[in-house]
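Participant: The structure under discussion is supplied below as structure tokens; questions concerning it will follow.
The values are calculated or read from the model by the stated rules, or taken from the named source; none is laboratory data. Model, not experiment: these values are computed from the prediction. When we count neighbours, we look across all protein chains shown, and the Cβ atoms used for this are built from the backbone with ideal geometry, even at glycine.
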Amino acid sequence: MMIHSLDLPPSDAEVDAWLEVLSAAGAADLPQLPAPSRAEVAGRLCVPPVRGRPVLWVAEHGAGVAALLLLTEKGNTHTAFLDVLTVRPQERRRGVGTALWERVRGELLAEGRTSVAALVDLGGPGQAFAESVGFDNVLSMGWYEQELPAVGPAPVPTTPGYELHTWHGLVPDAWAPAAAAVRGAMEDAPSGDMDERIQVWTAQRLHALQQLIIDRGGEVITVAAVTGAGEVAAYTELVLLDPTGPRALQNDTVVGAAHRGHGLGRAVKLRMVAEAAGRYPRLRRIVTTVADENTPMRAVNEALGYRRERDVAIFQLTL
């Protein structure tokens, strides 16, 4: 089985071929989900991430694809993230996945990486393959889905001492340091035995990650609860990888330790739903991942109408 490296950025034909593999695999493995949009796939392939260096491979005749992210952030140059390893359903059990994995593994060893992680759907071919090559589950999670209400979102509660701000695109410069500071509260979120180290949040890092979404053709909305003293007490972020599509990703939701117990997580999420429903008429569902150990956030999501869509986990392999 011939495996070819893909030069970056890929051509339109190469993007189309990659999309065909993902769509065919998704239709077989997760038929309840919409197919990935071309805009989303093109954005991810053509605009490199800021967290590391991507390496892409394609099996001959378009039988499968693989994408590896070699992390370059401080403290994480020993590890990597396997973003994609997918084989067309009709090409499975013919050694395609194994051949792709051998190229991935060779790259990891050549780069001196000692571990690699991947987000894997449980109960399907992805889990079986990951376990067969030595990956272990280090953090069980769930994908959760919320349908936007047909009659309009519920009223957003007010919390004495806090004001809700909404920012479209980059968080304004004046608020970026405070928004980055509260993101540090994510350090106490469950991370299992993941080898990747949490990075220090700065205004520059926050803007770089949000700009990446925009450069890839997406849009980002942030809702924050702020105090009269100018402190960001809580925030949530919504990412639309394809602003014309039916689904959006609820990114991190964080409440600073000193501000918990006031319903701020629920308040910022409700405001986010109201903003999304009014701004994106084609949007039908908001999805998010939550670690099984994160009981407080699962409770907030359940109260807001999220339902568990499917089981996933971070799998990790030590080389």
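Participant: Of all residues in segment 4-43, which are crowded, with 17+ Cβ neighbours inside 10 Å, assigned to a loop (DSSP other than H, G, I, E, B) and touching a Cys at 6+ places or on another chain (Cβ under 9 Å)?
Facilitator: Selection gives Pro10 alone.
Participant: Quick check on this structure: which one of Gly184, Gly218, Gly245, Gly228 is assigned by TED's automatic domain parsing to the domain that holds Glu163 and more than 24 Å from Pro49 (Cα to Cα)?
Facilitator: None of the other options fit; the residue is Gly228.
Participant: Could you look through segment 187-216, keep only residues that are among the polar types (S, T, N, Q) and modelled with pLDDT of 90 or more, and pick out the one that is surrounded by the most Cβ atoms within 10 Å (Cβ to Cβ)?
Facilitator: Gln210
Participant: Please verify whether segment 142-150 includes one or more residues that are farther than 21 Å from Thr236 by Cβ, assigned to a loop (DSSP other than H, G, I, E, B) and modelled with pLDDT under 95.
Facilitator: The answer is yes; a qualifying residue exists.
Participant: Kindly establish whether Thr72 is exposed (fewer than 14 other Cβ atoms within 10 Å of the Cβ) and closer than 30 Å to Trp201 by Cα.
Facilitator: Here the answer is yes, as Thr72 does meet what is asked.
Participant: Among the residues of segment 75-94, write down those that are in contact (Cβ under 8 Å) with a residue 40 or more places away in the chain and surrounded by 16 or more Cβ atoms within 10 Å (Cβ to Cβ).
Facilitator: Passing the criteria: Asn76, Thr79, Phe81, Val84, Leu85, Thr86, Val87, Arg88.
Participant: Here's another thing I want to ask about it. Quickly run through segment 103-129 and pick out the residues that are over 17 Å from Gly26 (Cβ atoms), part of a helix (DSSP H, G or I) and in contact (Cβ under 8 Å) with a residue 60 or more places away in the chain.
Facilitator: Selection gives Arg103, Arg105, Leu108, Leu109.
Participant: Can you pull out the residues in segment 20-34 that are under 18 Å from the mean Cα position of the chain (by Cα) and under 11 Å from Val65 (Cβ atoms)?
Facilitator: Leu22 - this is the single residue of segment 20-34 that is under 18 Å from the mean Cα position of the chain (by Cα) and under 11 Å from Val65 (Cβ atoms).
Participant: Out of the strands (runs of 3 or more DSSP E) lying entirely within segment 188-298, which hold 2 or more residues that are closer than 24 Å to Ser140 by Cβ and not aromatic (Phe, Trp, Tyr)?
Facilitator: 232-240, 247-255, 285-291
Participant: Additional query: Are any residues in segment 70-102 of a type in the set (Phe, Trp, Tyr) and in a helix (DSSP H, G or I), and if so, which ones?
Facilitator: Trp101
Participant: Which residues, counting only those in segment 293-310, are in contact with a Ser or Thr (Cβ under 9 Å, 6 or more places away or on another chain), buried (at least 16 other Cβ atoms within 10 Å of the Cβ) and modelled with pLDDT of 90 or more?
Facilitator: If the condition is that a residue be in contact with a Ser or Thr (Cβ under 9 Å, 6 or more places away or on another chain), buried (at least 16 other Cβ atoms within 10 Å of the Cβ) and modelled with pLDDT of 90 or more, then Tyr306 is the only one that fits.
Participant: Going by the conditions given, is Phe129 under 23 Å from Trp18 (Cα atoms), touching a helix residue (DSSP H, G or I) at 6+ places or on another chain (Cβ under 7 Å) and surrounded by 15 or more Cβ atoms within 10 Å (Cβ to Cβ)?
Facilitator: yes
Participant: What number of residues within segment 220-231 satisfy the criterion of being farther than 23 Å from Ala291 by Cβ and buried (at least 18 other Cβ atoms within 10 Å of the Cβ)?
Facilitator: 2
Participant: May I pose another question? I'd like the full set of residues that are surrounded by fewer than 20 Cβ atoms within 10 Å (Cβ to Cβ), closer than 21 Å to Thr318 by Cβ and small (Gly, Ala, Ser), limited to segment 44-66.
Facilitator: Across segment 44-66, the qualifying residue is only Gly52.
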